[in-house]
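S.K.: Here it is, the structure, as structure tokens.
The values are calculated or read from the model by the stated rules, or taken from the named source; none is laboratory data. These numbers come from a predicted model, not from an experiment. Cβ atoms come from the backbone with ideal geometry, glycine included; neighbour counts cover every protein chain shown.
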Amino acid sequence: MGTRLGVRSLKWLIILSIIVPLLTGCWDRQEIEDRAIVLGVSIDEAGPGAEKEENEISHLHDKFPVPDKGMIRVAVQIALPGKIPLGPGESGAAGKSSAETVWVIEVVGHTIDDALMNLQQQLSSRLFFGHLRIIVVSEKIARKGLQNFNDYFRRNSEIRRTAWMVVSKGDAEPFLRAAPKLERVPTLYLLSTLDDSVKQGKFPNDFLGTYWSNESKKGQEAFLPYIELMTEQNVELKGLAYFKNSTMVNSTEPFEIAAYMGIKGMNPAGYRVFISLDNQPSKTVMIYATHRESKFKVSIKDGLPHFVVKIFIETNLEEKLSESLLTNRSQILKEIEAQHQKSLLKTYSGLVKKTQKEGSDIFGFGEYVRALEPGFWNEHVKTKENWQVMYKNIEVQFEVTSKVRRVGMKAR
């Protein structure tokens, strides 16, 4: 009897020991009103004389060594409590400008952590990055290298891997103060621009986590969206800002985004292109890519990797410049397909050669070598630095097939 009672008591003790920790769920809670919710961050060069703006917060002048690099200027966009509209029909939200919904503050620092600590010294609420959606870095900073910023943001557990990092043509801070008419929060407008570009086939899905993943690979380099703020406060995708060892080395043209996505076989396809037959303006049509497929094949020739990339592009005929051009004839469609294939071969080869000059393999050719020719990689390449050198000399051959699938209908 005593043994049964002891077993029963032990069971209850075990159950209580499991349940009790679950009852302490809110002991470390923090009210949302007590947080400074950061929606966006911009990073620029601070310029001469910036050290005069910095107080002795992280170090004492002439007593603690500081980095010998130039200082940076960091701006954050903080959501104002109760001011962010939850939807188009929210009471009192109509007519609010970006200045009434967010607060933009800027500080200087020697590193990103130093700058944010200087900023925290000026705020009563703790900075919270759980809702950070956009990090805008100026081209000058990107060309100096993003090692410090990548290290800080990757260590910060609040940073979502689904946030975006972009490179701006010119200063980055104006993007946080922009007042687009389609959105009362500048950061959310920029976010929707990038997300919708992915949905429309204008840009590959390149979240912050994707960028970090590509940067860490031995046989691939990373890229980021390259953007510019236009006169009406709208944002234009200028191309891909591609990197080498976390340092921006160059950027592409906007149409070369389509070339990159074609080589990688990314869908949906969302770019249009002019095709001119016999170099005659009257025989010009515009076609719209709707679907892409690509296949990589690698072999070793003369001690170097040799790639054959087979690409299939499906298109629709969108527009013709002359009524005399009979686009419902199969011969004309074949000529359009042939001219399209010829143009794509030049575009694809040109983009690869452009990245080869910088040793920036944004396509991941090196990863195919690692996966399909591991013996060659382990013996002749081994490191990312060696692949950056070898990538400049590899041969990439393209085989492009273009198919016009639809020509549309027209009332007679």
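S.K.: Is one or more of the residues making up the range 375-396 under 19 Å from M286 (Cβ atoms), touching a Phe, Trp or Tyr at 6+ places or on another chain (Cβ under 9 Å), in contact (Cβ under 8 Å) with a residue 60 or more places away in the chain and of a type in the set (V, I, T)?
M.R.: Checked the range 375-396: no residue is under 19 Å from M286 (Cβ atoms), touching a Phe, Trp or Tyr at 6+ places or on another chain (Cβ under 9 Å), in contact (Cβ under 8 Å) with a residue 60 or more places away in the chain and of a type in the set (V, I, T).
S.K.: Still on this model: Any residue at all in the range 280-296 that's in contact with a helix residue (DSSP H, G or I) (Cβ under 8 Å, 6 or more places away or on another chain), part of a loop (DSSP other than H, G, I, E, B) and buried (at least 18 other Cβ atoms within 10 Å of the Cβ)?
M.R.: Our first condition is that a residue be in contact with a helix residue (DSSP H, G or I) (Cβ under 8 Å, 6 or more places away or on another chain); within the range 280-296, this holds for 285, 287, 289, 292, 294, 296.
After this cut, where a residue has to be part of a loop (DSSP other than H, G, I, E, B) as well, the list is none.
Checked against the condition, which is being in contact with a helix residue (DSSP H, G or I) (Cβ under 8 Å, 6 or more places away or on another chain), part of a loop (DSSP other than H, G, I, E, B) and buried (at least 18 other Cβ atoms within 10 Å of the Cβ), the range 280-296 yields no hits at all.
S.K.: Being surrounded by 13 or more Cβ atoms within 10 Å (Cβ to Cβ) and assigned by TED's automatic domain parsing to the domain that holds E395 narrows it down to one of K346, K334, K310, so name that one.
M.R.: K310
S.K.: Which residues, taken from the range 33-51, are surrounded by fewer than 17 Cβ atoms within 10 Å (Cβ to Cβ), in contact with a strand residue (DSSP E or B) (Cβ under 9 Å, 6 or more places away or on another chain) and more than 18 Å from D114 (Cβ to Cβ)?
M.R.: D34
S.K.: Does F307 satisfy the criteria of being part of a strand (DSSP E or B), over 30 Å from N393 (Cα atoms), touching a strand residue (DSSP E or B) at 6+ places or on another chain (Cβ under 8 Å) and of a type outside the set (D, E, K, R)? Write out each step before concluding.
M.R.: Numbers: part of a strand (DSSP E or B): yes; over 30 Å from N393 (Cα atoms): no; touching a strand residue (DSSP E or B) at 6+ places or on another chain (Cβ under 8 Å): yes; of a type outside the set (D, E, K, R): yes.
So F307 does not fit the description; no.
S.K.: Quickly run through the range 379-398 and pick out the residues that are surrounded by 14 or more Cβ atoms within 10 Å (Cβ to Cβ) and either under 25 Å from the mean Cα position of the chain (by Cα) or assigned to a helix (DSSP H, G or I) (or both).
M.R.: The answer is H380, V381, K384, N386, W387, Q388, M390, Y391, K392.
S.K.: Moving to a separate point now. Looking at (1) within 17 Å of the chain's Cα centre (by Cα); (2) in a strand (DSSP E or B), can you tell me which one M261 breaks?
M.R.: For M261, the exception is condition (2).
S.K.: Follow-up question, since we're still on this one. For F175, which of the numbered conditions (1) assigned by TED's automatic domain parsing to the domain that holds V137; (2) part of a helix (DSSP H, G or I); (3) more than 22 Å from V41 (Cβ to Cβ) fails to hold?
M.R.: The failed condition is (3).
S.K.: Any chance the range 314-329 includes a residue that's at pLDDT 90 or above, assigned to a strand (DSSP E or B) and touching an Asp or Glu at 6+ places or on another chain (Cβ under 7 Å)?
M.R.: No, the conditions are met nowhere in the range 314-329.
S.K.: Has the range 265-272 got any residue that is over 18 Å from the mean Cα position of the chain (by Cα), in the same structural domain as S322 (by TED's automatic domain parsing) and closer than 24 Å to E335 by Cβ? Lay out the reasoning, then the answer.
M.R.: Quick first cut of the range 265-272, residues over 18 Å from the mean Cα position of the chain (by Cα) only: 271-272.
With the extra rule that they be in the same structural domain as S322 (by TED's automatic domain parsing), the set shrinks to 271-272.
Then drop every residue that is not closer than 24 Å to E335 by Cβ, which leaves 271-272.
Among the residues of the range 265-272, at least one is over 18 Å from the mean Cα position of the chain (by Cα), in the same structural domain as S322 (by TED's automatic domain parsing) and closer than 24 Å to E335 by Cβ, which makes the answer yes.
S.K.: Just to be sure, is V166 aliphatic (A, V, I, L, M), crowded, with 20+ Cβ neighbours inside 10 Å and over 18 Å from the mean Cα position of the chain (by Cα)?
M.R.: no
S.K.: Does any residue of the range 141-150 turn out to be in contact (Cβ under 8 Å) with a residue 24 or more places away in the chain and more than 19 Å from M248 (Cβ to Cβ)?
M.R.: no
S.K.: Also, I was wondering about something else. Would you please name the residue that is nearest to I37 (Cα to Cα), looking only at residues in the range 157-193 that are free of Cβ contacts under 8 Å to residues at least 60 places away in the same chain and hydrophobic (A, V, I, L, M, F, W, C)?
M.R.: I159
S.K.: Of the conditions (1) over 25 Å from R272 (Cα atoms); (2) free of Cβ contacts under 8 Å to residues at least 60 places away in the same chain; (3) charged (D, E, K, R), D206 satisfies every one except a single condition; which number is it?
M.R.: D206 satisfies every listed condition except (1).
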